[in-house]
Amino acid sequence: RPVLHPAVAVVGSMVAYMLIAPMNRRALAAGASAWRIALAGWLPVVAIGALQTVALMSVLHWGLGLRMARAAGTVGFLFLVTACFAAIVQWLNARFGAAGRILVLALLMLQLTSAGGTYPVQTSPPFFNALHPFLPMSYVVEALRRLITGGGLGPVWHACVVLVAFTAGALALTALSARRRQVWTLDRLHPELSL
């Protein structure tokens, strides 16, 4: 199914950010550039996701016999998908902390139900039809259909633009979160006592 890799990318990123801090505390305390902090937290997860993509596609191709019309294009596109979802998961974790993990799961569920990867989106309730054009997985599913089975590349290029925009936006929001965390407030210096 075309929705398999994006879901794996989201879950893989979520697990990676349980082990790797979305923003390095030392870099935050040292006053490093907000963009540097965002990229330093994002690149290791993208590297892990790239390895995950290679492993998944190897199993699908050599283990299960999946034949792709554009194999190299599919793998390259999946690297972009991995980078995009890693950036989104990083931002949610950086901005909302532990609650970000719940938001990641909620976003994953919304994307799975509105992307049209399992069932045509037209058969879904109106709420999911309304969400369909605003979530990145919708574009990923259509692009993967074209890359795996063949057809015109218009949806693939459109999906690439959407994914790059989501990636850049998420990284910018993570950098903004890093910048905010570098500003010390009275609440951060003297947190409230709780029993």
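The table below gives the values:
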item	result
The range 60-127 - Kirkwood radius from inverse mean 1/r over Cα pairs (Å)	14.5
Local net charge near residue 173, Cβ-Cβ under 13 Å (Lys/Arg +1, Asp/Glu -1)	+4
Computed [θ] at 222 nm, helices only, for the chain once each DSSP H run of length n ≥ 4 contributes -39500 (n - 2.57)	-24500 deg cm²/dmol
Candidate residues 141, 15: accessible-area rank, largest first, probe 1.4 Å	15, 141
Gaussian network model of the chain, Cα within-10 Å springs - most flexible of 151, 63, 117	63
Span-rule helices in the chain, defined as complete DSSP H runs reaching 24 Å or more along the axis (Cα) with Kyte mean at least 0.0	34-58, 71-96, 98-114, 154-182
Largest-first ordering by accessible area, 1.4 Å probe, given options 127, 96, 134	134, 127, 96
Sequence of 48, 102, 37 from largest to smallest accessible area, 1.4 Å probe	102, 48, 37
Percent accessible area from carbon and sulfur atoms, the chain, protein chains only, probe 1.4 Å	70
Point-charge dipole on Cβ atoms (K/R +1, D/E -1) for the chain, about Cα centre, debye to 20	280
Distance between the range 144-168 and the range 88-108 - C-alpha centres, whole angstrom	25
Surface accessible to a 1.4 Å probe, per residue, for the residues of the range 17-161, Å²	52
Computed over the chain: relative contact order in percent, which uses C-alpha pairs under 8 Å that are six or more apart	30
Charge context of residue 157, other residues only, Cβ under 15 angstrom, K/R +1, D/E -1	+2
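The values are calculated or read from the model by the stated rules, or taken from the named source; none is laboratory data. Being a predicted model, the structure only gives us computed values, none of them experimental. Note that each Cβ is placed from the backbone with ideal geometry, even for glycine, and that neighbours are counted across all protein chains shown. Remember, those area values only see protein heavy atoms, side chains included, never the ligands or the DNA or RNA. Shrake-Rupley method; radii C 1.70, N 1.55, O 1.52, S 1.80 Å.
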